Amino acid sequence: MKYLDEYRDPVLARKLLAELRAAATRPWAIMETCGGQTHTLVRQGIDELLPSGMRMIHGPGCPVCVTPLATIDKAVALAARPDVIFTSYGDMLRVPGTAGDLLGVKARGGDVRVVYTPLDAVAIARDNPDREVVFFAVGFETTAPANAMAVLHAAVTGVVNFSVLVSHVLVPPAITAILDAPDNQVQAFLAAGHVCAVMGWTEYEPIAQRYGVPIVVTGFEPLDLLEGIVLAVRQLETGRATVENQYARAVRRGGNTAAQDAVRQVFRVTERTWRGIGPIPASGLALTPAFAAYDAEERFPGGETHAVEHPDCIAGQILRGTAAPTDCSAYGTRCTPLSPLGAPMVSAEGTCAAFHHAGRRRSTVEVPR
């Protein structure tokens, strides 16, 4: 584990914190855009070690959390069909829909299976030609290449009983939506290193220029994030607004062009609704017409779903960064990882789960509804 230890060195961490305190002359608000980054910041207490007044705003960086409630309901309905084998990554099974979750369907006898890659789902379809196999294709740009390859593999090998329920979302349009919001407080961003490993950072450059916000691509270890915060603050203090790459060991400006080609072949950009946020133009992926036969929503058409969030859940405010989990009246009492009201409490990358696992206590001041 020596390699990881190098990015968790407490001596270097203290040096970076000293650099940060020396560089910052005023409070700044920086948003990280990945749930993995959030968990490191909260678990290691980095957000509580920042200079006085400086704060991290935890953004909508959890793909499980921003999957629309209506899409969860569609997944639950599909999984309950006797002719369907529903496949998904494990972190989607306990995300609550309007009337239950995928784990509940499995408990009632539905054929819901956890897979580790979408190609596993294609193999299940090949081995069960008399059943329809649906894969829940959720995630940011990071998981899109593998899901695209699964569709391509099914098409090439003639697996016709395989389809995907797509809920892919894209990071740059979400950043733009946050910056355009009238209540925006974010002054700089830490971009997710794994997203940029696929897509590069060219899409972030016009955002930094247009809005005058620094964007720093970072990794996920404590020193990655501390160095990213230092780089962002140095830009803010000097009035610069560019894209910098802290995660040079894994990310290049152009990204992974082979992965991008696969995504462009299978998917097209579309408007996508984000749970707790609402519709964001050009912020998602959908299958191209050439691969419409593999679209679960086309294969299993249904009526329009009108889903309503639990009235006690403020997940939307948390995902937009305008409230913290500890501002929620249900946090830690009526909403826990074992009994979640919203996706941010159940997901492995959710902000509420990060706070709860770190033992953060609820604030005494209620947020207005």
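The values are calculated or read from the model by the stated rules, or taken from the named source; none is laboratory data. Note that the structure is a prediction, hence the values are computed from the model and not measured. A quick note on method: Cβ atoms are made from the backbone with ideal geometry, for glycine too, and the neighbour counts reach across all protein chains shown. Each accessible area value is taken on the protein alone, full model and side chains, heavy atoms only, with ligands, DNA and RNA left out. Shrake-Rupley method; radii C 1.70, N 1.55, O 1.52, S 1.80 Å.
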TODO: Please work out the Cα center distance from region 334-352 to region 74-133, rounded to the nearest Å.
DONE: 21 Å
Open item on the list: Using a Förster radius of 45 Å, what is the FRET efficiency between Leu4 and Asp130 based on their Cβ-Cβ separation? Nearest 0.05, please.
Closed with: 0.45
Task: Pairwise label distance in nanometres, Thr336 with Arg81, each label 7 Å out on the Cα-Cβ vector - done: 3.7 nm
Open item on the list: How are the alpha carbon pair distances in region 249-369 distributed across 10 Å bins from zero to the largest one, expressed in percent?
Closed with: 11, 29, 26, 24, 9, 0
Open item on the list: I'd like the trypsin sites (Lys or Arg not before Pro) in region 163-263 restricted to DSSP loop residues with at most 14 other Cβ atoms within 10 Å, sorted by number.
Closed with: Arg240, Arg249, Arg252, Arg253
TODO: Pop out the Kirkwood hydrodynamic radius of region 1-137 from its pairwise C-alpha distances, inverse of mean 1/r, in Å to one decimal.
DONE: 18.3 Å
TODO: Quote the relative contact order of the chain in percent (integer), defining contacts as alpha-carbon pairs under 8 Å separated by 6+ residues.
DONE: 22 percent
Task: Solvent-accessible ranking of Glu32, Glu205, largest area first, probe 1.4 Å - done: Glu205, Glu32
Task: Heavy-atom accessible area ranking, 1.4 Å probe, most first, across Tyr204, Tyr7 - done: Tyr7, Tyr204
Open item on the list: What whole-number distance in Å separates the alpha-carbon centres of region 153-184 and region 1-67?
Closed with: 27 Å
TODO: For region 151-285, state the semi-axes of the equivalent ellipsoid (square roots of 5 times the eigenvalues of the alpha-carbon gyration tensor), sorted largest first and rounded to whole angstrom.
DONE: 31, 19, 12
Open item on the list: Tell me the carbon and sulfur percent of the accessible area for the chain, rounded to whole percent, probe radius 1.4 Å.
Closed with: 55 percent
- [ ] Could you tell me which Cys residues in the chain have no other cysteine's Cβ under 4.7 Å from their own Cβ, answering none if every one has a partner?
- [x] Cys34, Cys196, Cys313, Cys328, Cys335, Cys352
TODO: Give the accessible surface of region 222-301 per residue, rounded to a whole number of Å², with probe radius 1.4 Å and ligands, DNA and RNA excluded.
DONE: 46 Å²
TODO: Please get the size of the charge dipole for region 293-350, origin at its Cα centre, with Cβ charges of +1 on Lys and Arg and -1 on Asp and Glu, quoted in debye to the nearest 20.
DONE: 260 debye
Task: Estimated FRET transfer efficiency (Val11, Glu48; beta-carbon r; R0 25 Å; 0.05) - done: 0.80
Task: Residue-span extension gain [Gln209 to Thr117] - 0.36 nm each, minus C-alpha spacing - done: 29.4 nm
- [ ] When a/c is below 1.5 the answer is rounded, else prolate if a/b is larger than b/c, else oblate, so apply that to the chain with a ≥ b ≥ c taken from the square roots of the Cα gyration tensor eigenvalues.
- [x] prolate
- [ ] Kindly report the accessible area of region 41-135 per residue (heavy atoms of protein chains, probe 1.4 Å, no ligands, DNA or RNA), in Å².
- [x] 41 Å²
TODO: Take every DSSP beta bridge whose two residues both sit in the chain, then give the antiparallel share in percent to the nearest 5.
DONE: 25 percent
Open item on the list: Run the numbers for Asp312 and Ala22: contour at 0.36 nm per residue of separation, minus the present Cα-Cα distance, in nm.
Closed with: 100.2 nm
- [ ] Starting from the Cα-Cα distance between Asp261 and Ala146, subtract it from 0.36 nm times their residue separation and give me the gain in nm to one decimal.
- [x] 40.2 nm
